[in-house]
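Worksheet: the structure to be examined is printed underneath.
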Amino acid sequence: MADKTIMLACSAGMSTSLLVTKMQAAAKKLGRDYHIFATSVSDIDNQLTNTHPDVLMLGPQVAYMKGDVKVKTDAAKIPMAVINMQDYGMMAGDKVLAAAEQLLKEG
């Protein structure tokens, strides 16, 4: 079983799939055992209930939903942040992973 679960959420869960692959490669390189997955924002409630992620990262294209999602993640006691737009655009898995790990530390 993975040490931590990192959930990424975007409009349909598709655009974050490549970023998940990049983050998994970065985690493996660092020797981290993380379960990293992408989902759609419409599936956040289900995933919070059933998967219980340790952190949630929102895609920048759904940053406008941050307030609504934060209410849910606060209730679930899960840290949440919006992925840096430049890191997202560059598919910088190492940087997004570092941001998720920082959230976990602050959590």
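The values are calculated or read from the model by the stated rules, or taken from the named source; none is laboratory data. For clarity, every value in this text was computed on a predicted model and none was experimentally measured. So basically every Cβ, Gly included, is an ideal-geometry build from the backbone, and we count neighbours across all protein chains shown. Surface accessibility is based on the protein's heavy atoms, side chains included, excluding ligands, DNA and RNA. Shrake-Rupley method; radii C 1.70, N 1.55, O 1.52, S 1.80 Å.
Things worth noting here:
- Counting only helices (runs of 4 or more DSSP H) that fall entirely inside the chain and contain at least 1 residues that are within 10 Å of the chain's Cα centre (by Cα), the qualifying elements are 17-29, 93-106.
- Counted residues, region 50-88 - those being free of Cβ contacts under 8 Å to residues at least 24 places away in the same chain and either buried (at least 18 other Cβ atoms within 10 Å of the Cβ) or under 23 Å from LYS22 (Cβ atoms) (or both): 4
- Restricting attention to region 59-91, the residues that are within 18 Å of TYR34 (Cβ to Cβ) and among the hydrophobic types (A, V, I, L, M, F, W, C) total 5.
- Residue count for region 17-41 under the criterion of being open to solvent by 40 Å² or more (accessible area, probe 1.4 Å) and either at pLDDT below 95 or of a type in the set (Asp, Glu) (or both): the result is 3.
- Which listed residue, of THR39, THR21, is touching a residue at least 60 places away in the same chain (Cβ under 8 Å), of a type in the set (Val, Ile, Thr) and within 25 Å of MET1 (Cα to Cα): THR21
- Residues that are of a type in the set (Val, Ile, Thr) and at pLDDT below 95 are absent from region 68-85.
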